[in-house]
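Have a look at the structure below before the remarks.
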Amino acid sequence: MASVTLPLPVTRGEGQKLRVSDYLRWSIDHKIIGVQYMVTALFFFIIGGALAMMIRWELLTPALDLMADGSAYNQLFTIHGTVMIFLWIIPMMAGFGNYLVPLMLGAKDMAFPWLNAFAFWLIPPAGVLLMMGFFVGQAEAGWTSYPPLSTIFSGDGQTLWIMSLHLLGLSSILGAINFIVTIKNMRPEGMGYFQMPLFVWAILATAIIQVLGTPFLTGGLTLLLLDRVAGTAFFNPAAGGDALLWQNVFWFYSHPAVYIMILPAFGMLSEVLSVHSRKSIFGYRAIALSSLAIALVGFTVWAHHMFTSLQPELRIPFMITSMIIAVPTGIKVFSWLGTIFGGKIRFTSAMIFALGFLSMFVIGGISGVMLGSVPWDIHVHDTYFVVSHLHFVLYGGSVFGIFAGLYHWYPKITGRMLNERLGKWHFALTYIGFFFTFFPQHIVGLQGMPRRVAVYAPEFQSLNVVISLAAFLMGISTFIILYNMIWSLKNGEKAGANPWRALTLEWATTSPPPATNFIGDPVPFKNPYGYGTRAAFEYLQSLEEKFGESVDALHDKPAAPAPASQPAGD
Ligand code: HEM
Ligand SMILES: [Cu+2]
């Protein structure tokens, strides 16, 4: 634990200089591991995205055209969903967590650096295993892998799918243990739990879910594997097993897993909204504690995915818990609105993605509450209404959060700003493409179009054409940020230590940070969200004295501190 406070020597350098080869080998530096996670995840985002484009190509017409048969289509959406959830969003969040948590805590690294590297290196082989399925008859049972589809009908790829998820689950558990220990033990002096940045709170809540929930997935996968390869019948009713057992175990993990995917994005949102509107966070404790509430209540709602297969007398209890879990999420949304209310909002790319998140995630939350209501769900279960809901929360939520986070922290990671003009184009096209891809799915869903089927009734075609064209637009828009990230590595404006004039500790060091993160032990500013005060102005000025001037990315750096009597300044 950091305990000695040394005066910071003057360092105006640019921190660690790394080559591409440094990222291709084993490293126990959390910053390298963080980037390894992110780049790997982005690679799989492209693969998952290409599969999505093929799905939308197939659905341009009611007949089967691109795919050879229904089996091929099953493989397509199965691997699309699996890649997006397990190889894109979850590892991407782990990447942000790895890079940022030690820096935000003023620590030199994670608590267990070797374990950290090990957790990352489980991911590439898991990705390879999953992709190998295409050569042996790919998994066909959806990302949810229900038996008997996953036990009797799928090809050998399903076995590889199980092994791949085993590795990913292990990676997730090991990473989570590391986060919990790091956050508990490595906070600097003067930073209690309630002085931690809210992103760190979000990662803590996420890690608790991962440690408590993922072992259930692992156990379920093991039984599924045995049913496939060892002749057991855990999920085979004909031989005394129970197909619903899988559904219960899977959702006991996978409902909490949706919070594994959204809580880190919530955390990024709290940082971005506060910094880019120069306002103190509204309801700090409410946001921090509601993450824990979500983590715990999240374990009581799983059977809302099984309303149509559940014993009827259990429906109402799960409906009630599903309604309850909307409350802590609502608390966060109101706290974020309170945060930006009356603030000096800067419409940076990071901020507009954060605002885009708010607008889209709320729509997904509302359709979630609708689905949580039994009479509604019985009608729309397994239709495109559910597909719409899950993409509003996972794309409009998690992925928009990732984009906001990339625009905000890319300067810290690389030392260069992302191009703002490209950022605005990326946002505009993604936002429009996203909305017209997923909003009309509510309508075709309500009209009865089933999910996971390649052929559909002709009356659904016109909306499906709109959906597919919008999806292609969204696909194209993604290349703008990929291009921006590559172009800006060399050509982006030099960021300096703290281009957004933020108060959390990751900005109190060079960009990128030196190998040991900080020179000496950094002293956290007493309120990480205390914007608009004279003390904040002085603290930020002291950082400039240490690290040199940063680019004025918000374009309105205050020239002088406000008089002491007045709480304005930065
Ligand atoms: C307001 C809180 C929420 C409630 C009450 C809720 C409720 C539901 C219900 C009842 C279903 C099952 C629909 C069906 O299959 O018939 C569902 C599906 C789903 N939800 Fe939510 N949801 C909420 C928030 C979220 C969030 C925040 C996420 C992710 C970040 C999420 C991700 C998903 C996913 C991925 C599915 C589809 C699972 C599948 O493939 O079958 N939900 N939700
Ligand atoms: Cu759920």
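Overview of values
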{"read-out": "Residue match in the stretch 259-277 (condition: open to solvent by less than 30 Å² (accessible area, probe 1.4 Å), among the polar types (S, T, N, Q) and outside any helix (DSSP H, G or I))", "value": "yes"}
{"read-out": "Considering residues of the stretch 453-465 that are over 11 Å from residue 59 (Cβ atoms) and not small (Gly, Ala, Ser) only, the residue least open to solvent (accessible area, probe 1.4 Å)", "value": "458"}
{"read-out": "Which numbered condition residue 101 fails, given (1) more than 21 Å from residue 402 (Cβ to Cβ); (2) modelled with pLDDT of 95 or more; (3) of a type in the set (A, V, I, L, M)", "value": "(1)"}
{"read-out": "Of the criteria (1) in contact (Cβ under 8 Å) with a residue 24 or more places away in the chain; (2) away from ligand 2 (no atom under 16 Å from the Cβ); (3) part of a helix (DSSP H, G or I), which one residue 251 fails", "value": "(2)"}
{"read-out": "Yes/no for residue 243 being free of Cβ contacts under 8 Å to residues at least 24 places away in the same chain and more than 16 Å from ligand 2 (Cβ to nearest atom)", "value": "no"}
{"read-out": "Identity of the residue in the stretch 519-570, at pLDDT below 90 and of a type in the set (Lys, Arg), that ends up surrounded by the most Cβ atoms within 10 Å (Cβ to Cβ)", "value": "557"}
{"read-out": "Condition met for residue 290 (more than 10 Å from ligand 1 (Cβ to nearest atom), among the polar types (S, T, N, Q) and within 19 Å of residue 531 (Cα to Cα))", "value": "no"}
{"read-out": "Residues being of a type in the set (A, V, I, L, M), surrounded by fewer than 20 Cβ atoms within 10 Å (Cβ to Cβ) and within 30 Å of residue 382 (Cβ to Cβ) - total across the stretch 429-451", "value": "3"}
{"read-out": "Filtered residues of the stretch 278-303 (kept if open to solvent by 50 Å² or more (accessible area, probe 1.4 Å) and not in a helix (DSSP H, G or I))", "value": "279, 282"}
{"read-out": "Condition check for residue 95: modelled with pLDDT of 95 or more, surrounded by 21 or more Cβ atoms within 10 Å (Cβ to Cβ) and closer than 27 Å to residue 179 by Cα", "value": "yes"}
{"read-out": "Residue list for the stretch 340-380, restricted to those being in contact (Cβ under 8 Å) with a residue 12 or more places away in the chain, hydrophobic (A, V, I, L, M, F, W, C), touching a helix residue (DSSP H, G or I) at 6+ places or on another chain (Cβ under 9 Å) and in a loop (DSSP other than H, G, I, E, B)", "value": "345"}
{"read-out": "Some residue of the stretch 319-332 being away from ligand 2 (no atom under 16 Å from the Cβ), of a type outside the set (A, V, I, L, M), in a loop (DSSP other than H, G, I, E, B) and surrounded by fewer than 22 Cβ atoms within 10 Å (Cβ to Cβ)", "value": "no"}
{"read-out": "Filtered residue count, the stretch 176-200, keeping only those that are in a helix (DSSP H, G or I), over 30 Å from residue 246 (Cβ atoms) and open to solvent by 10 Å² or more (accessible area, probe 1.4 Å)", "value": "6"}
{"read-out": "Test: residue 231 is at pLDDT below 95 and more than 12 Å from ligand 2 (Cβ to nearest atom)", "value": "yes"}
{"read-out": "Qualifying residue in the stretch 221-244 (condition: within 16 Å of ligand 1 (Cβ to nearest atom), within 25 Å of residue 174 (Cα to Cα) and open to solvent by 30 Å² or more (accessible area, probe 1.4 Å))", "value": "no"}
{"read-out": "Any hit, the stretch 363-379, residues being within 16 Å of ligand 2 (Cβ to nearest atom) and polar (S, T, N, Q)", "value": "yes"}
{"read-out": "Residues (closer than 25 Å to residue 113 by Cβ and of a type in the set (A, V, I, L, M)) located in the stretch 32-90", "value": "32, 33, 35, 38, 39, 41, 42, 87, 89, 90"}
{"read-out": "Residue in the stretch 483-499 that is aromatic (Phe, Trp, Tyr) and surrounded by 16 or more Cβ atoms within 10 Å (Cβ to Cβ) present", "value": "no"}
{"read-out": "Residue pairs meeting the criteria (Cβ under 7 Å; at least 6 apart or on separate chains; first within 12 Å of ligand 1 (Cβ to nearest atom), in the stretch 294-320; second open to solvent by 50 Å² or more (accessible area, probe 1.4 Å) and of a type in the set (Val, Ile, Thr))", "value": "297/324; 307/378; 308/378"}
{"read-out": "Index of the failed condition, residue 391 passing every other in (1) more than 11 Å from ligand 1 (Cβ to nearest atom); (2) open to solvent by 30 Å² or more (accessible area, probe 1.4 Å)", "value": "(1)"}
{"read-out": "Output for the stretch 137-146, where each listed residue is in contact (Cβ under 8 Å) with a residue 60 or more places away in the chain, more than 24 Å from the chain's Cα centre (by Cα) and open to solvent by 10 Å² or more (accessible area, probe 1.4 Å)", "value": "140, 146"}
{"read-out": "Checking residue 149 against (1) farther than 22 Å from residue 36 by Cα; (2) open to solvent by 10 Å² or more (accessible area, probe 1.4 Å); (3) in contact with a Lys or Arg (Cβ under 9 Å, 6 or more places away or on another chain), the condition it does not meet", "value": "(3)"}
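Let's see how each residue does on (1) within 30 Å of residue 20 (Cβ to Cβ); (2) buried (at least 22 other Cβ atoms within 10 Å of the Cβ); (3) more than 16 Å from ligand 1 (Cβ to nearest atom):
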| site | (1), (2), (3) |
| --- | --- |
| 376 | no, no, no |
| 380 | no, no, no |
| 383 | no, no, no |
| 396 | no, yes, no |
| 401 | yes, yes, no |
| 412 | yes, yes, yes |
| 421 | yes, no, yes |
| 424 | yes, no, yes |
| 427 | yes, yes, yes |
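The values are calculated or read from the model by the stated rules, or taken from the named source; none is laboratory data. Because the structure is a prediction, the values reported are computed rather than measured. Ideal geometry is used to build each Cβ from the backbone, glycine not excepted, and the neighbour counts take in all protein chains shown. For the accessible areas, the whole protein counts, side chains as well, though only heavy atoms, and no ligand, DNA or RNA atoms are used. Shrake-Rupley method; radii C 1.70, N 1.55, O 1.52, S 1.80 Å.
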